[in-house]
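The structure under discussion appears below in the form of structure tokens.
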Amino acid sequence: MDNLGNIGTTEEQIELMDVATNFCRDKSPMDKVRALIDDDLGYDPDVWKEIGELGWLAIAIPEAHDGVGLSMAEVVPIAEQMGRNLMSTPFGTTTLAAQALLAGGSEAQQAAWLPKIAAGCAVTLALSEDSGDWDLSNIACTGKQDGDQLVLSGKKQLVRWADSAELIIASVKVDGDVRFALIERSALADSALRRESIIDETARSFEVTLDGVTIPADALFDASRTRETIEKIELTAGLIYAAEMCGGSQAVIDYTLEYLKTRKQFDKIIGSFQALKHPTVDNYVEYEKARTHLYSAAYSWGEQGRGEVAVRMAAAQAHSSYSRAADRSIQFHGGFGFTHDCDAQLHRRKAIFDGALIGDAAYQRSKLAGLLFD
Amino acid sequence: MADKPDKPSAAELKEFGDAADAWFKENTVRDPGFMLPLTFMEVSTDQQFDFLRDWQRKVYEAGFLGASWPKEYGGGGMHSEYQRVATRAMKKHDAPIMLNAIGNGWAGPLILDLGSEEQKQTYIKGMLTAEDIWCQGFSEPEHGSDLGNAQLKAVKEGDEYVLNGSKIWTSLGDRAKYMILLARTDFEAENKYKGLSFFLNPMKIDGISTSRIKKLTGEYGFVQTFFSDARISADCLFGGEGNGWSMAMKTLEYERGAKVKPVGGYFVKELDVMQIVELAKNSMRNGKPLLDDPVMRDKMTQYMIDIQALNLNNTRRRMPQLMQDKPMGLPLMNKLARTELIRELTEFSLGFQGTKAGYYVGDENAVDDGYWHRSYLNSFSATIGGGTSEIQRNIVAEHALGLPKTR
């Protein structure tokens, strides 16, 4: 089977891992994560500004567009540490949107937006609809040409950080074909956004009503590059969320271990009971497998064939390991585990949300099976 | 040990790799006309034993085993990259296993690590040539997972120790010249561990006898060893009296691959995942290819994810930059994860076979001569031997995750 990848690291990746480990730990302590749950914006604008100043949004943008010129491989350790510390910001959506622009945007569109993104401007994507289908081409929203305008209609769901984004890249059907439309935030009335109630309370998401929104007719990605844009979005999102979930798995396992090492029952530290320690080891093994797949996916990024297998393996394993580790964390915390105060639920909810965004472990496996066996 | 040899250039390595490739292509015998053991624990007949002993010597003499062990004791004295390349060629040609696992995999690294000059001169070359077969005497009939409670008695009399008791599950015990032996020298010690000592014990002496044990597969492969007033020289003591437990733990580290001085080759055939995929592709369910069945398809995919992760873990283990958080985690979990996966996967493969899952080795209707059934049943040797999976979970929990001891 020659579409199985290898594992390796780059110097820049490891440097960024060190910096991100400290930054995310310092800037996203748990009391702050908790406070931001009740905040409208949902993230700290100062931290977001710092992320821009650190150049993290520029990592995988080419130097020609004021980027650093590295690849998604170097974004992985950052997303991993953000997930580990439940640091929620528009980082993931903005990075994803930049990659979408690189895959499908015209030279003018790239020149207009990539330097802004590299400098710290938030951008997002509007892909999901009421069908709930993970297939990005199964959409109903439309764009109709009217002179030099395109009139949009329909509703987009789960548009993360839409209130902060200066640009929304939305998938719509134009003359029956899937196209990607660039909607500047200024083209949307405030009433077009409805904040959604989502399972991950650390994130922010909106339903966006496109009815009546008009954009210039040329504010579309190249029609010939729709397929590769969809592929790029799927794989980039798979990689970013695999990284976040991997970091989250690590955090929730450490959180569980901390409890198992301190809580006493029957005069014994409960971590000495095999009924708790053995499943915790099993969950840890699954996490390490997820991390191995994650850095393999980073290493294989961009390789034809191998790249997709590696990303889907990483996404499948990260989602199953994060879900399981967080589920057991709730259980092993006993009565406290059932409370909103226990951090285990933050992770359990985030695992559900991330799976909903990119396709859960079973979905990733069904895609993988085709790549591996057919 | 001598200074480390220089790291080879890519060209030097390629030349060596090409030579190894050509040699294994030329010399590998995959079907000698009888069933070859998949692991060193399954060597049953004289025919199998003689074949594998000859094979190991041949590989050693060609320079593809022990290539990175010190030259002065019989090794090749080369950089470990050379051995890695040779082992890769061995795998590529699906060559038979190396027979002398306890010698090369456990006793050898221990002796090279902590032994005296004389011990290195005495033992290393013979284990590389497979002239001297080694076995392991840790488990006892009443003390398996509770290894620290081993009771085989070693009483010092003059410059000898007198041994009494029994060891069990001794792979190659009836063929071995030496045994690494865990015995109790002090019954008054402050705890059970401190009463233990470690010996490089000769097997072919008066007072030591073995009795074969039939395995669940129906084959032979291991023995119970009886010690009845067996007298060995006090020089056989290794690591000092009362240090048996720490010596045994060290050998288990080599066994689990946590601390590797790679002699090269392999003692256990790795499961070839492509073989299982092929088996699945050639199997039918309700008149359709088995892999069209969504349940089987999903399970097989998950196993592919698992196998790929464990294979890549072997590379990741050598990358400290990806091992910072819990550095002992990957090395200590390796045995648990790998052996349990092989057990699950071989069991899964039986389900592909439909009615044919009812056949066993020896019947002409058996799929692949019963290979899958035999592999599944034998897989327990690895989930039980060398510390059961349950003990492995305790080890990972306590030594990698920092959880308290169970006792």
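Which numbered condition in (1) buried (at least 20 other Cβ atoms within 10 Å of the Cβ); (2) modelled with pLDDT under 95; (3) of a type in the set (Gly, Ala, Ser) is the only one that B:Gly351 fails?
Here B:Gly351 clears every test but (1).
Show me the strands (runs of 3 or more DSSP E) entirely contained within segment B:153-214 in which 2 or more residues are closer than 22 Å to B:Thr45 by Cβ and not assigned by TED's automatic domain parsing to the domain that holds B:Ser381. Write out each step before concluding.
Working: elements: B:153-157, B:160-171, B:178-184, B:196-202, B:208-214.
Those strands (runs of 3 or more DSSP E) span B:160-171, B:208-214.
Let's see how each residue does on (1) within 22 Å of B:Asn334 (Cα to Cα); (2) assigned by TED's automatic domain parsing to the domain that holds A:Arg84; (3) modelled with pLDDT of 95 or more:
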| site | (1), (2), (3) |
| --- | --- |
| A:Leu276 | yes, no, yes |
| A:Val281 | yes, no, yes |
| A:Tyr284 | yes, no, yes |
| A:Lys289 | yes, no, yes |
| A:Thr292 | yes, no, yes |
| A:Ala297 | yes, no, yes |
| A:Gln304 | no, no, no |
| A:Gly307 | no, no, no |
| A:Val311 | no, no, yes |
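Right, B:Glu157: within 17 Å of B:Val223 (Cβ to Cβ) and not hydrophobic (A, V, I, L, M, F, W, C) or not?
Against the criterion (within 17 Å of B:Val223 (Cβ to Cβ) and not hydrophobic (A, V, I, L, M, F, W, C)), B:Glu157 does not qualify.
Within segment B:309-333, can you find the residues that are at the interface with chain A (Cβ under 7 Å from one of its Cβ atoms) and touching a helix residue (DSSP H, G or I) at 6+ places or on another chain (Cβ under 6 Å)?
B:Ala309, B:Leu312, B:Asn313, B:Arg316, B:Gln321, B:Leu322, B:Gly329, B:Leu330, B:Met333
Confirm whether B:Gln48 is within 20 Å of the chain's Cα centre (by Cα), under 30 Å from B:Lys215 (Cα atoms) and without any contact (Cβ under 8 Å) to a residue 40 or more places away in the chain.
Yes: the conditions hold for B:Gln48.
Can you pull out the residues in segment B:362-407 that are at the interface with chain A (Cβ under 8 Å from one of its Cβ atoms) and of a type in the set (A, V, I, L, M)?
Correct list: B:Val396, B:Ala397, B:Ala400, B:Leu401, B:Leu403.
Mind listing whichever residues of segment A:130-159 are in a strand (DSSP E or B), out of contact with any Gly (no Cβ under 8 Å at 6 or more places or on another chain) and buried (at least 16 other Cβ atoms within 10 Å of the Cβ)?
Result: A:Gly143, A:Lys155, A:Lys156, A:Gln157, A:Leu158, A:Val159.
Take the residues of segment A:312-334 that are touching a residue at least 40 places away in the same chain (Cβ under 8 Å) and of a type in the set (Ser, Thr, Tyr): which is nearest to A:Ile253 (Cα to Cα)?
Among those that are touching a residue at least 40 places away in the same chain (Cβ under 8 Å) and of a type in the set (Ser, Thr, Tyr), it is A:Ser329.
Go through (1) in a helix (DSSP H, G or I); (2) touching a residue at least 24 places away in the same chain (Cβ under 8 Å); (3) of a type in the set (A, V, I, L, M, F, W, C); (4) closer than 23 Å to A:Ile198 by Cβ and name the single condition A:Ala35 misses.
Condition not satisfied by A:Ala35: (2).
Looking at segment A:310-319, can you tell me whether even one residue there is within 20 Å of A:Ala203 (Cβ to Cβ) and basic (Lys, Arg)?
No, every residue in segment A:310-319 fails to be within 20 Å of A:Ala203 (Cβ to Cβ) and basic (Lys, Arg).
In segment B:105-127, what count of residues is obtained for those that are more than 23 Å from B:Tyr193 (Cα to Cα) and over 15 Å from the mean Cα position of the chain (by Cα)?
Of the residues in that region, 12 qualify.
Counting residues that are away from chain B (no Cβ under 13 Å) and surrounded by 20 or more Cβ atoms within 10 Å (Cβ to Cβ), which strands (runs of 3 or more DSSP E) fully inside segment A:163-280 reach at least 2?
On the way: elements: A:167-174, A:177-184, A:193-195, A:205-209, A:214-216.
Where strands (runs of 3 or more DSSP E) fall fully within segment A:163-280 and carry at least 2 residues being away from chain B (no Cβ under 13 Å) and surrounded by 20 or more Cβ atoms within 10 Å (Cβ to Cβ), they are A:167-174, A:177-184, A:205-209.
Could you check B:Met304 against (1) within 14 Å of chain A (Cβ to nearest Cβ); (2) touching a residue at least 12 places away in the same chain (Cβ under 8 Å); (3) surrounded by fewer than 18 Cβ atoms within 10 Å (Cβ to Cβ) and say which number it fails?
Of the numbered conditions (1) within 14 Å of chain A (Cβ to nearest Cβ); (2) touching a residue at least 12 places away in the same chain (Cβ under 8 Å); (3) surrounded by fewer than 18 Cβ atoms within 10 Å (Cβ to Cβ), the odd one out for B:Met304 is (3).
Which condition number in (1) within 14 Å of chain B (Cβ to nearest Cβ); (2) within 26 Å of A:Asp200 (Cβ to Cβ); (3) under 19 Å from the mean Cα position of the chain (by Cα) is the one that A:Gln13 fails?
Every condition holds for A:Gln13 apart from (2).
The values are calculated or read from the model by the stated rules, or taken from the named source; none is laboratory data. Computed from a predicted model, the values in this text were never measured in an experiment. Glycine gets a Cβ as well: all are built from the backbone with ideal geometry, and neighbour counts include every protein chain shown.
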